[in-house]
Each structure stands twice: as structure tokens, then as C-alpha cells.
Amino acid sequence: MTVFELLDRRLLAALRFVDAVGAPVTSPVEARAEGVDPRALSWSRRRDGTLLLLRAPGLEAHAAAFEAPPGAPAVGAEILTLDLRPSDPALAPRRVALALPRDPDPASPDSLLTAAEIRLPPGLRARPQGLEAAILATVRHDDGRLVEGAVVRASAGAPHAEALGLTGPSGEALVRLPGLPIASPGPGATVLGDLEVDLDAVIEGPRVRLHAPRDLAAARAAHAGRRAGFPDPDAILAALLIAAPGIETTPTASLAVRPGRLAAATLTWTPA
């Protein structure tokens, strides 16, 4: 005789991962919460790569509430800091802050019923596809050391969105620029040979890691084994907007990029 047992579980949050151009990431992504015993968290992974958070410290009452969520803690009052490490080397690890509990209102942009979309930066093994262009940017300290943990920004102006990359232990970041035009439409259309892009790096001085070129092998080995302490590009850029202490930028470089091509640039950081 077969007996079926039903197990009801309430979802705390769903995390949906996309790459730099918005394509879904279906390969596994490891998530670790800063300062939280991994045994205190419960995760489930769907076939499409979405991570489901089923249990978290301080939200035990939410996990068991179905008809109405508990009144405390308030929506978004708890911040779960997650370090994300993708299994695909074409994607770079990053940190993200997840506000919990999620809003039960289906109309809210932070609704519990909508997966939180998290964009994963390109890894150095990523390559441009189709009409994409890419930039391999190297960020150096003015003393020659390589900067790990800088946010590289590339902007081609409207209507193109700003593209981001994160530097690894070699000081290099790959930035993917999707869907660049190869011609101007309408009467008298002309082929565009290249597109001018402005490039700079945002650096959180106290948190970046600096590596001498001779120590690069050791830095790469340490990075390969790291599971926490990654930079959060969203938090770094938000800190730049409010001119937070310790946030600096490199001088802006201009370069021409072409669809289907990989351009290279070097940015130098001179600390204030």
C-alpha cells in the first residue's frame, strides 16, 4: 500500500539569476549568508536555476504562516547578506543584500510572489555573442599593484544601459555590451564602424584587495577557494551616489568598441 504524505512549506524568497545581458542563468549558484550558520538556512533549487529560501533565522514564524504573515519583523526590516558563487566560470561571484521578509502584496515590486532578480557579472571566460561587444579592463593602483574588487562601468550613452564588470585577482574585469547597432535606420542609413564608450572604475578603497604582479598565482589560488567576502556592485554604486567615505573613481577613459569584438583598456587608480 502506498502512502502519500503532504508537506506544506512557505516560501520566504525566490532568487532568479540573470547574466550581464539579462539571459537566465540555469547553472547552479552557491549562496552563503554572512554571519549565519549554514544549517540555519534552508534552500531549494528549481530546474531553471532559481533558488528558493525556505528557512532563515528570525523568520521562523513566517515559515509556518500561510493565511497571513506575522506582524513582526516588518517587511524588509531584516537584511540577509549573501555571497553568491556561480559554478559557471563565465560568471563572476558577487555579494547581494536581500531584504526580508518579502512583501506579501502581489502588486509590490518586492512581492513575495515575484522572484528577486539578481544580475551576475561576467567572468573572464565570458565572450561576446552576436552583436555584443566586450571590453577587457585592467585596473591598477598607481604603484603597479592589481586591484581586485573594483566595479568597472562602461557607458555608451542613451539608449544603451550602463554595463558593469567586477575585477578579479588579476585586476581584470570583462564588460559585456549587448545589442550594439551596426547601422543607423531610415533613409540614408549608414553602417556604424564602431561606438564610443566611456569607461571608469569605482573603488571602495578599504575593501579592495591589492596584489603585486609577482604574487598573482597565490592571489588566484586564494580567490578560487573563497566562498565569502565578495564585492557588492549595487552597494558600491549606491555609496558613490551619496559620496560615502572611501569610495573613489578612476579617471574616465574613452575607447571605440565594435560588435563581436573584444577591446582592451587599462585604468589607473590614484588614491586620494
Q: Name every residue in the range 237-247 that is within 18 Å of Asp198 (Cβ to Cβ) and crowded, with 16+ Cβ neighbours inside 10 Å, in order of residue number.
A: Leu240
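Would you pick out the residues in the range 128-155 that are in a loop (DSSP other than H, G, I, E, B), more than 20 Å from the chain's Cα centre (by Cα) and in contact (Cβ under 8 Å) with a residue 40 or more places away in the chain? Outline the logic, then answer.
Filtering the range 128-155 for residues in a loop (DSSP other than H, G, I, E, B) gives 128-132, 142-145, 149-150.
Okay, now just the ones that are also more than 20 Å from the chain's Cα centre (by Cα), so 130-131, 142-145.
Answer for the range 128-155, where residues must be in a loop (DSSP other than H, G, I, E, B), more than 20 Å from the chain's Cα centre (by Cα) and in contact (Cβ under 8 Å) with a residue 40 or more places away in the chain: Gly130, Leu131, Asp142, Gly144, Arg145.
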Q) Which ones in the range 253-270 are crowded, with 16+ Cβ neighbours inside 10 Å and among the charged types (D, E, K, R)? A) Arg258
Q) When you look at Ser184, is it of a type in the set (Ser, Thr, Tyr) and at pLDDT below 95, yes or no? A) yes
Q: Would you please list the contacts, defined by Cβ atoms under 9 Å and residues six or more apart or on different chains, that run from a residue in the range 242-253 that is under 12 Å from Thr268 (Cα atoms) to a residue that is in a loop (DSSP other than H, G, I, E, B)?
A: Glu248/Gly205; Glu248/Thr270; Glu248/Pro271; Glu248/Ala272; Thr250/Ala150; Thr250/Thr270; Pro251/Thr270
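Within the range 221-236, work out how many residues are outside any loop (DSSP other than H, G, I, E, B) and surrounded by 15 or more Cβ atoms within 10 Å (Cβ to Cβ).
As a first pass, look at the range 221-236 and keep what is outside any loop (DSSP other than H, G, I, E, B): 221-225, 233-236.
Remaining after also requiring surrounded by 15 or more Cβ atoms within 10 Å (Cβ to Cβ): 223, 233-236.
Result for the range 221-236: 5.
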Q. Which residues, counting only those in the range 28-51, are surrounded by 12 or more Cβ atoms within 10 Å (Cβ to Cβ), within 21 Å of Ala228 (Cβ to Cβ) and in contact (Cβ under 8 Å) with a residue 40 or more places away in the chain?
A. Pro28, Val29, Glu30, Ala31, Arg32, Ala33, Glu34, Val36
Q: Give the residues of the range 68-122 that are in contact with a Pro (Cβ under 7 Å, 6 or more places away or on another chain), over 30 Å from Ser170 (Cα atoms) and in contact (Cβ under 8 Å) with a residue 60 or more places away in the chain, sorted by residue number.
A: Pro101, Leu112
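State all residues of the range 206-220 that are among the small types (Gly, Ala, Ser) and either surrounded by 15 or more Cβ atoms within 10 Å (Cβ to Cβ) or without any contact (Cβ under 8 Å) to a residue 12 or more places away in the chain (or both); if no residue qualifies, say none. Don't jump to the end; show me each part of the working.
Filtering the range 206-220 down to residues among the small types (Gly, Ala, Ser) leaves 212, 217-219.
Correct list: Ala217, Ala218, Ala219.
The values are calculated or read from the model by the stated rules, or taken from the named source; none is laboratory data. It should be emphasised that the depicted structure is a prediction, and the values quoted were computed from it without experimental measurement. Positions of Cβ are backbone-derived with ideal geometry, glycine not excepted, and every protein chain shown enters the neighbour counts.
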